[in-house]
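This report concerns only the one structure given below.
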Amino acid sequence: MDIVFLVARILVALIFLLSAVGHIVGANAMAQYASYKGAPGGKFGVIASGVAMGIGGLMILLGFYGEIGALLIVATLIPVTFFMHAFWKETDAQAKQTEQISFNKNLGLIGGALALFLLFASQGAQVGLTLTEPLISIA
């Protein structure tokens, strides 16, 4: 069980760690796109969301207050999903479909992060191979 949960954490964390690198390295281009989509924050918002994803991903990967890392991912993805993938605003059929796919993908990532939160918070170190006990504990 320990190794399966570790592999799952690695795979989930990789999504957010790679995204964090992309946000920071490509901050200028991403800021222009975010502005076009009507997302607030400009370049600062892009970098902040990248840092949040990176920190959350590392916390999940290492099992260092993994439940907090999972909540950080959720808190980052919710506004990003609604600002950046508002498929209901698109008039072009292909753009609408692309945004809806991205919106749905983010919903799945939010659900996965919530499931990780629940596992970390309810099982604590029993999930195995974690650096810390959770700060938030659900009995």
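Quick look at the numbers
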item	result
Elements of type helices (runs of 4 or more DSSP H) contained in region 38-126, each with 2 or more residues being touching a residue at least 40 places away in the same chain (Cβ under 8 Å), buried (at least 16 other Cβ atoms within 10 Å of the Cβ) and among the β-branched types (Val, Ile, Thr)	66-84
Qualifying positions in region 92-139 - within 18 Å of LEU71 (Cβ to Cβ) and under 13 Å from the mean Cα position of the chain (by Cα)	ASN106, LEU107, GLY108, LEU109, ILE110, GLY111, GLY112, ALA113, LEU114, ALA115, LEU116, PHE117
Which listed residue is in contact with a helix residue (DSSP H, G or I) (Cβ under 6 Å, 6 or more places away or on another chain), of a type in the set (A, V, I, L, M, F, W, C), over 17 Å from LEU17 (Cα atoms) and at pLDDT 95 or above, from PHE82, PHE103	PHE103
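The values are calculated or read from the model by the stated rules, or taken from the named source; none is laboratory data. Everything numeric in this text was worked out from a predicted model, so none of it was measured. In this analysis, Cβ positions are derived from the backbone assuming ideal geometry, glycine residues included, and neighbour counts consider all displayed protein chains.
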